[in-house]
Structure formats: C-alpha cells, structure tokens
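Q: Please read through the structure below; I'll follow up with questions.
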Amino acid sequence: MKIVFKRIKDSMDNYSFNSLELGNVNKNYKKNKYWGIKLLDIILYIYIFCMFAYFVFNIIFIRAQVIGVSMQPLFNSNLDQSLDPKEYETSIYQDVAFANRYNKGKNGDIILLEILENGETTSNIVIKRIIASGGQRVTLRRESDGFYYYYVSNNINELGEKLNEPYVSKQARRGMDINYYNTFCSKAPIIHYLDDGMGAYITVPQNEVFVLGDNRPVSKDSHIFGTVKTNAILGKVSFYYAYNENFFSYVWKSFCSLF
C-alpha cells in the first residue's frame, strides 16, 4: 500500500506548479483583466465625448432641410415638384444647411431667417442670401443685354458697384425680366427711379437687410416682401450638405436604385 501511495505522490509532484509558474499565471490574468477594463473605459469616454459634442453642436448650430428651388443651383429640392411637401421630410435625397446661431452674417452670406406669412399669423424658416444691409442703397437696373442686375452702394446718392454673382445661373438671369422689375417696384415701400429710366432703387432701413434667393425668378424674397429685420435672422449658414454636389450621395442613390 505504501508503494502505491508513494507512486501517486510522485505523480502529483511531477504535475505541481512551482511559485514562479503560479506568479506568471496570476500576472497574465491581471493583465487581461486590465486591458478589458481599459477598453470599456475607452468606449465610455468616447460615448461621453460624442454626447457632449452633440449637445454643444446643437447649442451653436441650427439644422435646416432645404425645401424648394429658390436657392438653385447651390441647393436643390431633389424631389419632383408634384410631390407633397411632406415627402421632403423622409427623402434620402435632401440638402441640409447648418447655421451658426451666434453669427448673423454680412453681405454675400447665406442665412436662415424666419418670416411671417398669411397675414403675419404663421412663421416660416427660409434660406436666402444677404444682398445689402441697413443704410445701403439697392438698385435694380436694366443693362444693354436686356437683363436686370443689382447694384449696392454705401452712398444713397450713388449707383455703386454691380454685384458679381456667379451663383446666379444664366437661366435665372434670363428670368429677371420686366415682370420681375415691376414686382420689385410695386412691393417696395419707398421706391426711387433712376433719371435714365433704366431702373429703380430703395434704401435699406437701419437694422434690416435685403435678401434674395439665387434662383431669382421663382424666389420669394425681398423683391416681393421687402426688407426684413435683423432680429429675424436665425444664423449664418456655416456649412452645408448639398446632395447634388456630393459623390457619396451619388453612390447612395445608385445603391438604392438596385432595390
């Protein structure tokens, strides 16, 4: 019997761990546990950072989906005009603008502003471009090519410089005809006509702006409803996502067309 127990003891001694081996096992366990906890910490930090960044972003910026064609060719509705406007809210082909709440913009900047409609009972957020500010003179003048162009001057007694507007398409320019000019003259509260009979001008009141859409003939803007108060400006568009300019949008549209 003693011989049997001795053989069992010898066998167990052969499979026993010394103190160095036990130390390595414990060390590896702690190392694996440490990296697991560290990974969870990193994921938690990223989540907290993203939530904080999202919160700050929404404090600074206003997100607005561009509906309609008044700012073509920069922005486009990307939907058939016969569709219900509510379809824009669920469209994957949407242009989106982000405006800085703390920047009211200057001449040439694109802004979001809130205007009143239907007898000043309902409000609507629109996207337009600032053409002139308070105290400036805005002139709509017919040139030798038969089209009308805007001039802006800091001196109300001077014509000023013709605006360089590469964002206005040739098609939109052709649409600025005599009917457009008559609308500009009839909607302005105080209108002055040029001595040569080739145009008319207004003076923008202080603390107001004169805004236009880039697609002039179809845009409801200051040539229809006049100047607007600066406190109606929600913010300057700092960056935007234009579907018709984005390569990834083209890829996404191609992918969706497969189904």
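The values are calculated or read from the model by the stated rules, or taken from the named source; none is laboratory data. The model shown is predicted, which means the values in this text are computed figures rather than measured ones. FYI the Cβ positions are ideal-geometry reconstructions off the backbone, even for glycines, and counts take in every protein chain you see. Note: areas computed on protein heavy atoms with side chains; ligands, DNA, RNA excluded. Shrake-Rupley method; radii C 1.70, N 1.55, O 1.52, S 1.80 Å.
Q: So which of K104/K128; K104/K162; K162/K220 end up more than 18 Å apart by C-alpha?
A: From K104/K128; K104/K162; K162/K220, over 18 Å: K104/K162; K162/K220.
Q: Further question on the same structure: Of L40, L112, which has the most accessible area with a 1.4 Å probe, and how do the rest follow in descending order?
A: The residues order as L40, L112, largest area first.
Q: Still on this model: Label points 7 Å out from Cα along the Cβ direction at N207 and I62: separation in nm?
A: A separation of 1.8 nm, rounded to one decimal place.
Q: Next question, about the same structure. Probe 1.4 Å, all protein chains in place: accessible area of E165 in Å², nearest 10?
A: 20 Å²
Q: Could you please state how large a percent of the accessible area of region 137-191 is carbon and sulfur, counting protein chains only and using a 1.4 Å probe?
A: Of the solvent-accessible surface of region 137-191, carbon and sulfur hold 45 percent.
Q: Still on this model: Using packing as a proxy for protection, rank 195-203, 230-238, 155-163, 68-76 so that the peptide with the highest average count of other Cβ atoms within 10 Å comes first. If you can, show how the numbers build up before the last one.
A: Values: 195-203: 15.9, 230-238: 18.8, 155-163: 12.4, 68-76: 21.1.
Result, highest mean first: 68-76, 230-238, 195-203, 155-163.
Q: Kindly report, to the nearest 10 Å², the accessible surface of K229 as traced by a 1.4 Å probe over protein heavy atoms only.
A: Near enough 110 Å² of accessible area.
Q: Using a 1.4 Å probe, how large is the accessible area of R137, given in Å² and rounded to the nearest 10?
A: For R137, the solvent-accessible surface is approximately 10 Å².
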